[in-house]
């Protein structure tokens, strides 16, 4: 059965292909006019594409100019930040110097106060020691004074 089907398909295909013959179609004046109109329209389309290309080139130039302008602005902003950073560093260094000077002044003042106290107390201590020696010497002659000094633990 499949043989019959195969032969049937082959016969149908051969019968269809035998009817088709290549004939040349005549080229009419109307066809020529259509071709001319199509060519004109294609030229118009080409012109439009050229205009669109020019517009895209202009837009590209604008983008390039904008990008360059933005880069210049960013560079100027970077320079301003760098100058502000340098100024801030200078101010920090000045502040450190002021704090160091203040700390030095405080240390010198405290040192001077300690030195002044010692030098001011030295004559007083020497004088009080001399008074104590004088009272002890006098207590050797005066027995009542010697008893008072012993009761206070000074002798």
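The values are calculated or read from the model by the stated rules, or taken from the named source; none is laboratory data. What you see is a predicted model; the values in this text were computed from it and never measured. When we count neighbours, we look across all protein chains shown, and the Cβ atoms used for this are built from the backbone with ideal geometry, even at glycine.
Does residue 100 count as assigned to a helix (DSSP H, G or I) and under 30 Å from residue 154 (Cβ atoms)? Step through it out loud before you land on a result.
On the way: assigned to a helix (DSSP H, G or I): yes; under 30 Å from residue 154 (Cβ atoms): no.
No: the conditions fail for residue 100.
Report, by residue number, each residue of segment 27-75 that is at pLDDT 95 or above and either loosely packed, with under 10 Cβ neighbours inside 10 Å or in contact with a strand residue (DSSP E or B) (Cβ under 7 Å, 6 or more places away or on another chain) (or both). Once the filter is applied, which keeps residues that are at pLDDT 95 or above and either loosely packed, with under 10 Cβ neighbours inside 10 Å or in contact with a strand residue (DSSP E or B) (Cβ under 7 Å, 6 or more places away or on another chain) (or both), segment 27-75 yields nothing. Which condition breaks for residue 155 when tested against (1) modelled with pLDDT under 90; (2) surrounded by 10 or more Cβ atoms within 10 Å (Cβ to Cβ); (3) out of contact with any helix residue (DSSP H, G or I) (no Cβ under 7 Å at 6 or more places or on another chain)? Checking residue 155 against (1) modelled with pLDDT under 90; (2) surrounded by 10 or more Cβ atoms within 10 Å (Cβ to Cβ); (3) out of contact with any helix residue (DSSP H, G or I) (no Cβ under 7 Å at 6 or more places or on another chain), the one that fails is (3).
Of the residues making up segment 119-141, those that are over 22 Å from residue 153 (Cα atoms), exposed (fewer than 10 other Cβ atoms within 10 Å of the Cβ) and modelled with pLDDT of 85 or more are 119, 123.
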